[in-house]
Every structure is written in C-alpha cells, then in structure tokens.
1. May I ask you to derive the FRET efficiency for A:GLU158 and A:GLU133 from their Cβ-Cβ distance with R0 = 30 Å, giving the value to the nearest 0.05?
2. Could you give the C-alpha radius of gyration of region A:109-234 expressed as a fraction of 2.2 N^0.38 Å, taking N as the number of residues it contains?
3. At A:GLU284 and A:LEU268, where each label point lies 7 Å from the Cα along Cα→Cβ, what is the point-to-point distance in nanometres?
4. In region B:20-217, if the dipole is taken from +1 on Lys/Arg beta carbons and -1 on Asp/Glu beta carbons about the Cα centre, which of B:VAL197, B:ALA173, B:ILE147 is farthest to the positive end?
5. What ranking, highest mean first, results for peptides B:85-93, B:61-69, B:204-212, A:271-279 when packing means the other Cβ atoms within 10 Å averaged over each residue?
6. Taking the Cα centre of chain A as origin, sum charge times position over the Cβ atoms of Lys and Arg (+1) and Asp and Glu (-1), and report the length of that vector in debye to the nearest 20.
7. Tell me the angle of helix B:2-26 to the major Cα principal axis of chain B, expressed in degrees between 0 and 90 and rounded to the nearest ten.
8. Could you go through region B:169-186 in sequence order and give the Karplus-derived ³J(HN,Hα) for each residue, using 6.51 cos²θ - 1.76 cosθ + 1.60 with θ = phi - 60°, rounded to whole Hz, and x for Gly and Pro?
Amino acid sequence: MLKGMFTIAAAATLLGAAVTAQVQAQESVQVGLVLPMTGPFASTGRQVEAGARLYMQQHGDEVGGRKIELIVKDDGGVADQTKRIAQELVVREGADVLAGFGLTPLAMATAPIATQARVPMIVMAAATSSITEKSPFIVRSSFTLPQAALGIARWAAENGITEAATLVSDYAPGHDAADAFRKVFEEAGGTVIEQAAVPLKDPDFAPYLQRIRDAGPQGLFVFVPSGVGSLLMKQFDERGLDDAGIKLIATGDVTDDDILDQMGDVALGAITAQHYSAAHDSPENKEFVDAFKEANGNSRPNFMAVGGYDGMHLVYEALKATDGETGEALVEAMKGLSWESPRGPVSIDPETRDIVQDIYIREVKEQDGELYNVEFDRIEQVKDPVKADWSQQF
Amino acid sequence: MCRVLTVLLDGIAYGMLLFILACGLSVTLGLMNFVNLAHGAFAMAGGYVTVVLVNGYGVPFLLCLPIAFLVAAAIGLLLERTLYRRLYGANHLDQVLFSIGLVFMAMAGVDYFMGARQQLITLPDFLRGQFHLAEGASIGVYRLFIIVICAVLAVVLQLILSRTRFGSRLRAAVDDGEVARGLGINVGTVFAMTFAVGSGLAGLGGALGIEVLGLDPSFPIRFMIYFLIVVVVGGTSSIAGPFLASLILGIGDVAGKYYIPGFGSFMIYTMMVVILVLRPHGLFATRGTS
C-alpha cells in the first residue's frame, strides 16, 4: 500500500516537472546550435555561429510571440560528442530546434535524436547529399556537394574541356564530389582520364599532381578541405600545371572566402562553382557582408556563415507561420519556404527538405586589393542532383 | 626517362626533408636512449615561428630559417635542462607518457594562440617556379632548395660527429657514460647540446616543410609515425643510417604514389615491414642496439 502511494507521489512529481518544463518552453524557443568551435574545423563553427547571431541581431529575438534563445555548444568535430550534446540539449534543456552540424558524420550521428524527439534539425554546414534522408525532421540551409560539382562539371563541358582529371581527398565527401563531377561531365560528352584520391592526412600532393600533369588533361577538378586547398593550389602552381595547359576547376570549398585572401596570387584564375561568394552582387548581400564585417572584426563571411544566417531565417519564418508552435508543425512550415538570401533566391524543396538554389560559376580575381570569387555565370535553381533525377538537371 | 627523373628528384626532396626532421630523434633515441615522441612538437615550433615572423613582421623567409633553428634549439635546451633530464634514467614507458603529454600540451597551446587552421606563407619569388633540367624533366625550385640545404646539413653533421672533439665526446658519452665522466667529459652538457641541436634541426625542418607538408596543430601527431619509421629503418648508430633510410622512404613513397596511386599511401609502411623482416635492427645497425 505504502509502495503504491510512493509510486503515485513519484508519478505526480514527475508529471508536475513535465508540466513546468512545458510552461517554461512556452516562454522561449531554445535553438541548440551544435558546432565544432575547437579543433581543425573551428573555422566552420565560428562562421556559422557568427551568421546565426547576425541574423538575430538584425531581426530581434522575438518571433511569433516567443523569445528565441540561442544555446551554442562545442562538439570539437567529434560525432559522438555531437550526438551526446544534442541529446542533452533535447532532454535537459528542452531545446525546440537543433541546428549547426559542421561535418557530415556529425549530422548523421544526430539524425536519430531528431527523429526520436520529434525536434526539427537544421543542417547549416554539412554537405553530403544523403543527410536529409536520415530523418524526416532534417532541413538543410547549406548546400549539397553534388550541387556544386554539377555546376563546375557543366561549365567545364561547355567551355572546351573534353578531358579532365579529378583529385579529391580520400573520404566520403571527396568521393561524392568526384562521382558527381564524373557523372555530369561524362553525360555532357567529356571523359575523365585520371582519378586520384589523396589521403586526408598527407598534404603532399606532388606525386599525384605530377601524374596528372603527365596524363595531360585540359582541366583538373579538385575537392579537398579548405585549408589543405591552398597548399594544393601552391603545389599546382609550383609544378607548372598551369603552363602545361591544365585549368584548375573546383567546388567553392577550395577557394573558401575565409582564407582566400591569404592564398596569394596562386589562387588567381581558379574557376569554382558554389552557391555563395562574399562578392555576390546584390543589395541583400552588400548589407549582409557589411554587417558581418562590422560584427566580426572586419573578417569576411563565407558560405558557412550564410548557411547559419539562412538557417536562422528558416526558424524565424517557420515560427511566424506556426504562430509559435514548434515540433512537427515547424518542419511542415519550413517546407516550401522561399526567400531572397544574401546568396540569391533560395527555397526549401518540400519533398526532400533540401535547399534549392542558384549555383554560380566564379573566377578568383582581385577586387579592391583583395582576392574574391567573382561570379560570371550561374545555373538557376539547382536541386540536389542525387535526390532529384539527375537527368532533370539538363 | 624524364618522368623517372622528376619522380626521383621529388622523392629525394621529400626524403631530405624527412631526414632533417627526424635526425634529431635518431640522436636522442639512439645515442641518448630516450624515447622522445614530442620531437615533432619542436618541428612545429620552428614552423610557427616562421609563420609569425614572415606574416606578422615581414621578416625575409631565408632569415627565418636560422631563427627557426635557434628558437627550436632554445626551447629544446630549456626543456632538456628542466624536464627531460629527470627522465633519462626512467623506463621507456614513463618517457613515452611524458613526451606524449608534451605533444598534447603543445598542440592545445598552438590551437589556442594560433587557431587550428592550416598556416600559409608566401615564398620569395626566387624560390618559386620550375627549374628545367632536361626536355620534359623539371623540379620545383623550392624542392631543389630543400635538397641542397639538407644535403649540406647532412655532410656537416657527419663531419661534426666523426671529426670534431665534440663528436668524439658525444660518442664516448654514449658508449659508456661512466667511463666518459671519469675521463672528465661533462656528459650532461654534451647531452644537452646534442638535444638542443636535434630540436633545432627539427625546427628548421618544420620551417622548410610548411610549403610541402603543411602546418597545423596536428603536425606532431601526423608526422610522428614518419619520424619513427625513419629511425626504425635507419638504425640509430650513425647519421648515415637515418639519412639513407629517409632517402629510400622518400623516394619509395613518392614513386609509389606516382605509379600506383591507389596503393601509394601504404608504400611507406610496406617498405618498413619488408626492411625490418630482412634486417630487424634497421639498415645500418652495427650492433644489437635497441
């Protein structure tokens, strides 16, 4: 009998706690931003956080009658940590939205948490195509690597490159990029004559570049993490691949705005495809870049920052639409949203919850004494080509 | 034929760089019998000194090289006098734990002050571009520069070790420390000097390697395995051993990546295994040392 009483009392206490949590949650919307703030990918974390904070600074911290609270947590780029932190955020802090995710494995590891807790999860950085398929609660505000690879492959095929080589880092996104490039490039009539996968930990590209030089393609498609990319460009230059008539083409990761200016002259002339450049010519972007520089000690926003910025836009707009309601309703409200981002017109594909955006073809040029990716062509409204039917993109 | 020449020269440049980075380790490990896994941290120190000087203060790159050597040597000397010497008598596990701890501290410290990103420097114009040797064969000027510097250093080191009084004192101190002490050789000072020079060379290697190997806080861990392979394969009883081992490994690594790219990154390990099966004490072991 006594035991029964205890059970009831305990249940009542628990119930009470749950109710209190509910009331607290009604007051503010907690956005848990899980990012690599330390370790080799700290630049990603810093840019995404700065982008998200800038959006809140510009748009106030109240929307749909509720206050927005940003909780930033560092996962150090380790998937186990990301998952644990996300779980704590949901269970203990009652987070209504999970956001951030700097790398593919980090997003993949957290997907089951979003599904179980029925919490919207906004991927602001990671770019592997299949991420959005891992949970119906995932919405992406960054880009997919195949989107960028598709852009550069089409440009190459249309601009006199018939034989190309690929050089990527030997990890999942690298293979994703090489496969996407090859698929589109060969469908457009080109051939890939040499494929190299370089170990992630070994940044001496000399033998691989020499091999490619000797194979003699007209273009070399490259995908490597951004810091290593500058080393690659230097060695590309040092080895004289340029003089051998090989054009360096890449996804925008290699000429990341965050470090582009430090790369020096070797970067000049590189052709890349991506969804965002700090030099994008639009009033929205001018305002964004100026505000970003002011808030961040004159450093430039890159594609990660715009992912964070647009990710917060998604939360805000969806909250407006649901009138403050969170959970599944919030994901529903995000589907099909379209807006003018600093990167240009974008929307969320209601079927895949992935972002649809223009992919720009850019060349590295000097502007006002600094190096920028200057856009000169674009492919409008590209869906993720892996999830969409590839052929529809032609 | 010309392609072979290019690959060969690239391999030699890579091997030379490995030698400069690792020869200090072969001295501490072989001559002083100390397992110093933190060796790469001194190389990293030299690299970061160069980055700060070149990018922050506009110091010419060539001037940075001796500074990188001196700063790394000074740090080496300081740590040897304060920390390392306490562990000369300790067992190898203690030495490993101590030095790996140092590595992590160095990595965290660099991460905190300099950030985790890849560091870049701009080389002076005369070190950039290509040097044409023959029709179709060429080598980067910078790689040629590395080969020349490292070759000169290797010769100088060998001469110091075999021809100078310091060299014979060092060999005596290693062969039998107590007898050497009895003969009036200050073994502690000899070891400290040797340790400092080894660290300095690593620092120089780190500075030279920024353009080839990259530089970020994970540098000491990333290359630790390469240094150890050089020492293991080369044996630890001379300068010539690690020198030839570095060259063989460098050329093998580059050639492997060039001719069989899919397998290339395993080449260096395969070579290590094969060499150790044939000669368990390294290529040039004269006696059954460690």
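The values are calculated or read from the model by the stated rules, or taken from the named source; none is laboratory data. Remember, it's a predicted structure, so these values are computed and weren't measured experimentally. Every residue, glycine as well, gets a Cβ built from its backbone with ideal geometry; the counts of neighbours run over all protein chains shown. Side chains are part of the model used for accessible areas, which takes the heavy atoms of the whole protein and leaves out ligands, DNA and RNA. Shrake-Rupley method; radii C 1.70, N 1.55, O 1.52, S 1.80 Å.
1. Values: r = 31 Å, r/R0 = 1.02.
In this case the efficiency is close to 0.45.
2. Values: Rg = 16.8 Å, N = 126, 2.2 N^0.38 = 13.8 Å.
That ratio works out to 1.21.
3. It works out to 3.3 nm between the two label points.
4. B:ALA173
5. Values: B:85-93: 12.1, B:61-69: 18.0, B:204-212: 27.8, A:271-279: 25.8.
Highest mean packing first, the order is B:204-212, A:271-279, B:61-69, B:85-93.
6. Numbers: 33 positive and 58 negative charges, 257 e Å.
Once rounded to the nearest 20, the dipole reads 1240 debye.
7. 20 degrees
8. Couplings: 4, 4, 5, 5, 4, 6, 4, 7, x, 5, 5, 4, 4, x, 7, x, 8, 7 Hz.
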